Amino acid sequence: MILIAESINIMSRSIGPALRNRDPKPIQDLAKSQVEAGADYLDLNIGPARKAGDELMAWVVNTVQEVTDAPLSLDTTNPVAMEAGLKVCKGKALINSISPARFEEELPLVKKYNAEMIGLLWGLEGMPRDAAERGVIVAELMYAANEMGISNEEIWIDPIASPVSVEINQVKACVEFMSMLNDIAPGAKSTVGLSNISNGTPDHLRPWLNRTYMVMLMRHGLHSAIVDIFDSELVAIAHGERPQIVDLVDRVMDGERPDLSSLSEEEVKYVKTVRVLTGESLYSDSWLEV
Ligand code: THG
């Protein structure tokens, strides 16, 4: 699986100020340590960047390229800033993220800069309510992109993960959607912002949700994920180094109810977390203890 490291983003308490002050050191250090931790791509997320977004995106791309050749995923809703980043990006860029509301400005950039794109399933009326609505948006997205000469293989579809503490039906819908994607858009790739799922959850518990959800989506062929690359267990799972955990999660998803007393403490946590993410158990901050 391809891992896109999430930590260079304007919302971060440490990196936000470095981006705003054009302070290269913290950003370059983080870029290097994310690559060392196993990042295949670095996401550079400058948010809406309404003021001087073009200058900021070009600066951060250049700043990161001074210390690593890792491929970059550029994330901003400002198309002018996006283009400024694409102009200076040396490798094949991944444009994160394109949605129907901004097709007209953004799709031409994919072609013009020979980039790939993450297609975000955010419809003109907002967040899709279920897997079927996601299917409709994918069909629209593929049609518009194909018309522009962008092939399915250059499109990474993101169903948009929601926090488990907010909307369990959306958590389930993304898994269901992932199982349909290959039929709707053959050849298209997929990705998901895994940390979204654990937003609002106590920090030390977030990895259980992120890892378990990744395994649940991997079962349906998840191609890549935007992740906290410093979670080394998550990276090990993504690299196929925890087959027994993957097998356990798969069995629980198939309805098996393993005898918890026969499992390790770690395995019990995965089992309990699958039950929360499938909606079988109710989420609370103490789900691992009950
Ligand atoms: N899909 C796509 N792109 C995305 C998302 C997605 N980009 C943004 C986001 N979702 C994925 N990236 C992050 C980055 C950080 C966090 C979550 C998702 C995060 N940060 C910590 C927090 O907010 O508590 C700590 C930040 C800090 O202060 O360092 O959780 O879904 N295509």
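Overview of results
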{"read-out": "Complete set of residues in the stretch 34-56 that are within 13 Å of the ligand (Cβ to nearest atom) and assigned to a helix (DSSP H, G or I)", "value": "34"}
{"read-out": "Enumeration of residues in the stretch 189-226 that are of a type in the set (S, T, N, Q), in contact with an Asp or Glu (Cβ under 7 Å, 6 or more places away or on another chain) and closer than 17 Å to residue 245 by Cα", "value": "210"}
{"read-out": "Residue tally, condition more than 12 Å from the ligand (Cβ to nearest atom), open to solvent by less than 50 Å² (accessible area, probe 1.4 Å), of a type outside the set (Gly, Ala, Ser) and not in a loop (DSSP other than H, G, I, E, B), over the stretch 109-131", "value": "3"}
{"read-out": "Unmet criterion (only one of (1) surrounded by fewer than 18 Cβ atoms within 10 Å (Cβ to Cβ); (2) modelled with pLDDT under 95) for residue 32", "value": "(2)"}
{"read-out": "Helices (runs of 4 or more DSSP H) completely within the stretch 223-286 that count 1 or more residues being without any contact (Cβ under 8 Å) to a residue 60 or more places away in the chain, within 18 Å of residue 204 (Cα to Cα) and not β-branched (Val, Ile, Thr)", "value": "232-238, 265-277"}
{"read-out": "Residue match in the stretch 239-251 (condition: open to solvent by 50 Å² or more (accessible area, probe 1.4 Å), at pLDDT below 95 and out of contact with any Phe, Trp or Tyr (no Cβ under 9 Å at 6 or more places or on another chain))", "value": "no"}
{"read-out": "Cross-chain or 6+ apart pairs with Cβ under 8 Å, the stretch 149-177 first and farther than 20 Å from residue 212 by Cα, then buried (at least 18 other Cβ atoms within 10 Å of the Cβ) and of a type in the set (Asp, Glu)", "value": "154/116; 155/116; 156/116"}
{"read-out": "Residue check for residue 96: modelled with pLDDT of 95 or more, more than 13 Å from the ligand (Cβ to nearest atom) and among the polar types (S, T, N, Q)", "value": "no"}
{"read-out": "Residue match in the stretch 13-31 (condition: within 13 Å of the ligand (Cβ to nearest atom) and assigned to a loop (DSSP other than H, G, I, E, B))", "value": "yes"}
{"read-out": "Residue match in the stretch 149-158 (condition: closer than 21 Å to residue 6 by Cα, within 16 Å of the ligand (Cβ to nearest atom) and either at pLDDT below 95 or part of a loop (DSSP other than H, G, I, E, B) (or both))", "value": "no"}
{"read-out": "Lone qualifier among 86, 72, 120 - being in contact with a Phe, Trp or Tyr (Cβ under 6 Å, 6 or more places away or on another chain) and either at pLDDT below 95 or hydrophobic (A, V, I, L, M, F, W, C) (or both)", "value": "86"}
{"read-out": "Candidate set from the stretch 1-12 (those that are within 12 Å of the ligand (Cβ to nearest atom) and in a strand (DSSP E or B)); member that is most open to solvent (accessible area, probe 1.4 Å)", "value": "6"}
{"read-out": "Any hit, the stretch 82-92, residues being in a loop (DSSP other than H, G, I, E, B), away from the ligand (no atom under 16 Å from the Cβ) and either more than 24 Å from residue 229 (Cα to Cα) or among the basic types (Lys, Arg) (or both)", "value": "yes"}
{"read-out": "Residue that is modelled with pLDDT under 95, out of contact with any Pro (no Cβ under 7 Å at 6 or more places or on another chain) and within 16 Å of the ligand (Cβ to nearest atom), where the choices are 165, 224, 195, 190", "value": "165"}
{"read-out": "Residues that are surrounded by fewer than 12 Cβ atoms within 10 Å (Cβ to Cβ) and hydrophobic (A, V, I, L, M, F, W, C), drawn from the stretch 252-276", "value": "260"}
{"read-out": "Condition check for residue 54: closer than 17 Å to residue 90 by Cα, within 21 Å of the chain's Cα centre (by Cα) and open to solvent by 50 Å² or more (accessible area, probe 1.4 Å)", "value": "no"}
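Yes/no per residue for (1) open to solvent by 20 Å² or more (accessible area, probe 1.4 Å); (2) closer than 18 Å to residue 95 by Cα:
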position: 159; (1), (2): no, yes
position: 162; (1), (2): no, no
position: 177; (1), (2): no, no
position: 180; (1), (2): yes, no
position: 199; (1), (2): yes, no
position: 209; (1), (2): no, no
position: 213; (1), (2): no, no
position: 217; (1), (2): no, no
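The values are calculated or read from the model by the stated rules, or taken from the named source; none is laboratory data. Bear in mind the structure is a predicted one, so any value in this text is a computation, not a measurement. Note that we place each Cβ from the backbone using ideal geometry, even for glycine, and neighbour counts take in every protein chain shown. Side chains are part of the model used for accessible areas, which takes the heavy atoms of the whole protein and leaves out ligands, DNA and RNA. Shrake-Rupley method; radii C 1.70, N 1.55, O 1.52, S 1.80 Å.
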